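Notes to accompany the following structure.
We did not get these values from a lab; they are worked out from the coordinates using the rules stated. Computed from a prediction, not measured in an experiment: that's the story for all the values here.
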Amino acid sequence: MHMYQWGGAENFINMPYGAPGIFAAMAPLFIIFILWSVVWKGLALWHSARRGEPLWFVALLVVNTLGILEIIYLFLVAKLKMNELFSKPNNHTHSS
């Protein structure tokens, strides 16, 4: 039997790098994605709560998009500038 023949899990593990090697090689990328997502999610959740927008808060909490929805909310819906992301707003209410 050839080592790289499709079949069972043992063939996947016997591939040149095997499952542990693939996961180890991808680990830094996953860590970067997780950190990226957590930062944007935290900022978006914080701003939506401060602006009194419970529907956005729930949507941002439930939907995971690697920060895409969070970035859309922060810059297109909340219309924040980069220097406003980490500062406390003077006005706690949002304009309709």
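Relative to the current alpha-carbon distance between Val62 and Lys88, full extension at 0.36 nm per residue lengthens the span by 6.9 nm.
Using 0.36 nm per residue of separation minus the Cα-Cα distance, give me the extension gain between Lys81 and Leu35 in nm, one decimal.
Numbers: separation 46, 0.36 × 46 = 16.56 nm, distance 2.11 nm.
Computed gain between Lys81 and Leu35 is 14.4 nm.
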